[in-house]
Amino acid sequence: MDNKTYNEQAVVQAIAQALNSFYESLIRKIDTLNINKVMKRKNPYLYRAKAMQSASDIVDSVLTAFLY
């Protein structure tokens with residue numbers, strides 16, 4: 001294998017561009033999230049069953065479910 005054609009700077013730039021695109025898409029998706037609409041669709045008893053005690057636990061759970 002000949003490494004003379006390997007351009008590390010081009011690889012780094014391509015990875016940076018891909019990551020930038022990924023995170024921009026993720027941020028756009030989060031920006032569209034309306035927490036009030038999401039919470040209306042959720043079963044509040046589910047949060048109690050999961051032993052979630054704080055609002056931050058619930059928001060974390062909602063964001064995780066929304067993103068994945």
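The values are calculated or read from the model by the stated rules, or taken from the named source; none is laboratory data. On a predicted model such as this, the values are computed, not experimentally measured, just so you know. Neighbour counts are summed over all protein chains in view; Cβ atoms, including those assigned to glycine, are modelled from backbone coordinates with ideal geometry. For the accessible areas, the whole protein counts, side chains as well, though only heavy atoms, and no ligand, DNA or RNA atoms are used. Shrake-Rupley method; radii C 1.70, N 1.55, O 1.52, S 1.80 Å.
Odds and ends about this structure:
- Label-point separation, Lys42 to Asn20 (7 Å along Cα→Cβ), nm: 3.4 nm
- Potential extension, Ala55-Ile35 segment - 0.36 nm per residue separation minus Cα distance: 6.0 nm
- Averaged per residue, the chain has 91 square angstrom of accessible surface, using a 1.4 angstrom probe with ligands and nucleic acids left out.
- Considering all different alpha carbon pairs of segment 8-67, the Kirkwood hydrodynamic radius works out to 13.8 Å.
- Within the shell of other residues whose beta carbon sits under 15 angstrom from the beta carbon of Asp31, the net charge comes to +2, with Lys and Arg scored +1 and Asp and Glu -1.
- If you count Lys pairs in the chain whose Cα atoms are under 22 Å apart, skipping same-chain pairs closer than 8 places in sequence, the total is 6.
- In sequence order, calculated HN-Hα J values of segment 40-56 (Karplus, 6.51, -1.76, 1.60; Hz; x Gly/Pro): 5, 8, 8, 8, x, 5, 5, 5, 5, 5, 7, 6, 7, 9, 10, 4, 5
- Using the rule -39500 (n - 2.57) for each DSSP H run of four or more residues, divided by the residues of the chain, the 222 nm mean residue ellipticity is -23000 deg cm²/dmol.
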